[in-house]
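Taking it in order: structure first as structure tokens, then the write-up.
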Amino acid sequence: MGRDIATAIYTEELFSTGHDAANRAAVAGVPAEELNLVGVALHGPKNGVDRVVKRARMHA
């Protein structure tokens, strides 16, 4: 958090539609505790992101 790296989550519901407004509606229709987390996004300077994910293992 101290590296000013923006984060976002991807839920399964985001992949059920083809555009942003429908994505938001699909996610809003599911209680937070029932959202199916499928990914995490990081955005920031390459060296900062690299430090955050250093030694992270990708789940396949």
(Q) Can you list residue pairs whose Cβ atoms sit under 8 Å apart, with the first residue in region 13-35 being modelled with pLDDT of 85 or more and the second being open to solvent by 70 Å² or more (accessible area, probe 1.4 Å) and not aliphatic (A, V, I, L, M)? Count only pairs 6 or more apart in sequence or on different chains. (A) Leu35/Glu12
Q: Inspect region 41-58 for any residue being at pLDDT 85 or above and more than 25 Å from Asp4 (Cα to Cα) and give the result as yes or no.
A: no
Q. Does any residue of region 26-49 turn out to be on the phi < 0 side of the Ramachandran plot, in a helix (DSSP H, G or I), open to solvent by less than 80 Å² (accessible area, probe 1.4 Å) and in contact with a Ser or Thr (Cβ under 7 Å, 6 or more places away or on another chain)?
A. yes
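The values are calculated or read from the model by the stated rules, or taken from the named source; none is laboratory data. Quick caveat, the model's predicted, so the values are computed rather than measured. Don't worry about glycine lacking a Cβ; one is built from the backbone with ideal geometry, like all the others, and counts go over all protein chains shown. Side chains included, ligands, DNA and RNA excluded: accessible areas come from the protein's heavy atoms. Shrake-Rupley method; radii C 1.70, N 1.55, O 1.52, S 1.80 Å.
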